[in-house]
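Novice: Take this structure, written in structure tokens, and hold onto it; I'll ask about it next.
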Amino acid sequence: QQPVQSPQAVILREGEDAVINCSSSKALYSVHWYRQKHGEAPVFLMILLKGGEQKGHEKISASFNEKKQQSSLYLTASQLSYSGTYFCGTAWMDSSYKLIFGSGTRLLVRP
Amino acid sequence: DAGVTQSPTHLIKTRGQQVTLRCSPKSGHDTVSWYQQALGQGPQFIFQYYEEEERQRGNFPDRFSGHQFPNYSSELNVNALWLGDSALYLCASSLSGQTNYGYTFGSGTRLTVV
């Protein structure tokens, strides 16, 4: 049931790019992305709805491949503040109000 | 604009005891979802409350129960605590019970069962 995230951990130098993937075993209604820093609450980044859209701003964006039931989060020109654990949350078409989270991807950006 | 408020922030209980955790949603939100997060893991869905009813439940035993009040605040009750219940309990609020809106999380209640 839980979406599968990859990779489990990433270490970057400041300014490098990263991609985090999230895949589901069932047809998706929505995909959420959150970032959680140590000892803090998860913070909402963006949501992608059924329809294959891509969203985000200049340096953090995401895509949703409806056919593959996958989403990817793109972090461009990473900053130190990007460090944290990234979670994707997925809701299936047959239970669109139930958001299930993956196990997370730990991202560390070093100077 | 106040976000999601959870209380207490930390709690230590003994095995077999009962605990009540509280959550006030973000202003304008009417839906509350509860999650359990073990150290180093993703949040695990416990249940969601919308219009004062349990809308959907995750894979948690009946020892876990909840309630939503007319002002949309919510409580999570856990009976017969055991060591494995030690975790961070997160409350998330949203609109209309649907997942086409982002969730706002509280800072959580850290429960330790000894």
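The values are calculated or read from the model by the stated rules, or taken from the named source; none is laboratory data. None of these values were measured; they are calculated from a predicted model. Here Cβ is always computed from backbone atoms with ideal geometry, including for glycine, and neighbour counts include all displayed protein chains. Each accessible area value is taken on the protein alone, full model and side chains, heavy atoms only, with ligands, DNA and RNA left out. Shrake-Rupley method; radii C 1.70, N 1.55, O 1.52, S 1.80 Å.
Novice: If you check every pair at least six apart or on different chains, which have Cβ atoms under 7 Å apart with a residue in segment A:83-111 that is closer than 19 Å to A:Ser25 by Cβ first and a residue that is among the basic types (Lys, Arg) and part of a strand (DSSP E or B) second?
Specialist: A:Ala91/A:Lys98; A:Tyr97/B:Arg55
Novice: So, in segment B:80-99, exactly how many residues are open to solvent by less than 40 Å² (accessible area, probe 1.4 Å), in a loop (DSSP other than H, G, I, E, B) and polar (S, T, N, Q)?
Specialist: Looking only at that region, the number is 1.
Novice: Answer yes if at least one residue in segment A:6-26 is in a strand (DSSP E or B), closer than 29 Å to B:Arg110 by Cα, open to solvent by less than 50 Å² (accessible area, probe 1.4 Å) and at pLDDT below 95, and no otherwise.
Specialist: Looking for residues that are in a strand (DSSP E or B), closer than 29 Å to B:Arg110 by Cα, open to solvent by less than 50 Å² (accessible area, probe 1.4 Å) and at pLDDT below 95, one finds none in segment A:6-26, hence no.
Novice: Within segment A:38-52, how many residues are open to solvent by 60 Å² or more (accessible area, probe 1.4 Å) and closer than 18 Å to B:Ala87 by Cβ?
Specialist: Adding up the residues that qualify gives 3.
Novice: Of all the residues that make up segment B:100-114, how many are closer than 16 Å to B:Ile12 by Cβ and part of a loop (DSSP other than H, G, I, E, B)?
Specialist: 2
Novice: Go through the residues of segment B:39-54 one by one and say whether even a single one is within 12 Å of chain A (Cβ to nearest Cβ), touching a His at 6+ places or on another chain (Cβ under 8 Å) and either touching a residue at least 60 places away in the same chain (Cβ under 8 Å) or in a strand (DSSP E or B) (or both).
Specialist: Yes, because at least one residue in segment B:39-54 is within 12 Å of chain A (Cβ to nearest Cβ), touching a His at 6+ places or on another chain (Cβ under 8 Å) and either touching a residue at least 60 places away in the same chain (Cβ under 8 Å) or in a strand (DSSP E or B) (or both).
Novice: Something else about it: Does B:Gln17 qualify as being out of contact with any strand residue (DSSP E or B) (no Cβ under 7 Å at 6 or more places or on another chain), on the phi < 0 side of the Ramachandran plot and without any contact (Cβ under 8 Å) to a residue 12 or more places away in the chain?
Specialist: Values: out of contact with any strand residue (DSSP E or B) (no Cβ under 7 Å at 6 or more places or on another chain): yes; on the phi < 0 side of the Ramachandran plot: yes; without any contact (Cβ under 8 Å) to a residue 12 or more places away in the chain: no.
So B:Gln17 does not fit the description; no.
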